[in-house]
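Asker: Here it is, the structure, as structure tokens.
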Amino acid sequence: MLIGILIIIAALLALAYYFTVWSKTQVFGYFPYVVKTERKLMALTFDDGPNPPDTEKLLEVLEKHGVKATFFVCGQNAEKWPDLVRRAAEAGHVIGNHSFNHNFTNNFLSLRFESEISRTQAAIEKIINQRPALYRSPWLFRQPWLLKNLKRHGLTPVAGYFASSWEAWHPAPLAVAAEARKVIAPGRIIIMHDGGNLDLFSWNTDRSATVAAVDLLIPELKKQGYEFTTIDQLLGVAPYQTI
């Protein structure tokens, strides 16, 4: 009896993961994670920032290698460190919405996620005078009400492939780079982090290993013929809305 119950619970959890969190799920609507292309074209994205000093160091690495990326920032972090958001935008990187406080439970308290979306839109617009057109959910969580609300806000939802499963546990840069190599392929959106999750992992915002891994990966991938682009260019959508 107990084993049967456990099997049912495991099956329900697996289904919930498949429908709401898995990168490739398109059940409830468009949630891009890759584009079909014969070119070695890819998009680097960074979540949960801004986060000093790692965001600053990451911007320096990207500038050194001449690479533009997409930063999905949390609204409360943007309000704390507006200069970092402004610096990223002025350097040609694209700024996207990644909720206000990255609180996973809010997905269930407000199915439309309205406050998390609108507060972050307002925070970013105040800093860079641009209103984002790209949105990534915390944990990639989505459901019909959220996607419908994103459409109402004129936001394109964006998923991707997680480059590393262990960023929150301070892996060595070589380990992060090794994991990333396994998921990098033409047309893919790669998810990394310049900040820390503000809910379950608020104790861990050190992303120095990720920054070092990016510094290792970019020249290696360039030698393989890869080109780097931003999400809007990869998907053929606008990076910002008309104000």
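The values are calculated or read from the model by the stated rules, or taken from the named source; none is laboratory data. All of these numbers come straight from a predicted model, not from anything done at the bench. Every residue, glycine as well, gets a Cβ built from its backbone with ideal geometry; the counts of neighbours run over all protein chains shown.
Asker: For the range 163-176, indicate whether the set of residues that are within 24 Å of Gln26 (Cβ to Cβ), crowded, with 22+ Cβ neighbours inside 10 Å and touching a Leu at 6+ places or on another chain (Cβ under 8 Å) is non-empty.
Answerer: no
Asker: Scan the range 128-136 and give yes if some residue there is assigned to a strand (DSSP E or B) and surrounded by fewer than 23 Cβ atoms within 10 Å (Cβ to Cβ), otherwise no.
Answerer: So far as the range 128-136 goes, yes, one or more of its residues are assigned to a strand (DSSP E or B) and surrounded by fewer than 23 Cβ atoms within 10 Å (Cβ to Cβ).
Per-residue answers, yes or no, for (1) in a loop (DSSP other than H, G, I, E, B); (2) crowded, with 19+ Cβ neighbours inside 10 Å; (3) touching a residue at least 60 places away in the same chain (Cβ under 8 Å); (4) aromatic (Phe, Trp, Tyr):
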| residue | (1), (2), (3), (4) |
| --- | --- |
| Leu84 | no, yes, no, no |
| Ala88 | no, yes, no, no |
| His102 | yes, yes, yes, no |
| Thr120 | no, yes, no, no |
| Ala123 | no, yes, no, no |
| Arg142 | yes, yes, yes, no |
| Gly154 | yes, no, yes, no |
| Ala159 | yes, yes, yes, no |
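Asker: Kindly indicate the residue of the range 202-230 that is of a type in the set (Gly, Ala, Ser) and touching a residue at least 24 places away in the same chain (Cβ under 8 Å) and also nearest to Leu41 (Cα to Cα) among those meeting that condition.
Answerer: Residues of the range 202-230 of a type in the set (Gly, Ala, Ser): 202, 208-209, 212-213, 225.
Okay, now just the ones that are also touching a residue at least 24 places away in the same chain (Cβ under 8 Å), so 208-209, 212-213, 225.
Values: Ser208: 26, Ala209: 24, Ala212: 22, Ala213: 19, Gly225: 9 Å.
Result: Gly225.
Asker: Looking at the range 183-219, which of the residues that are at pLDDT 95 or above and farther than 19 Å from Leu62 by Cα is surrounded by the fewest Cβ atoms within 10 Å (Cβ to Cβ)?
Answerer: Residue satisfying both the conditions and the ranking: Ala185.
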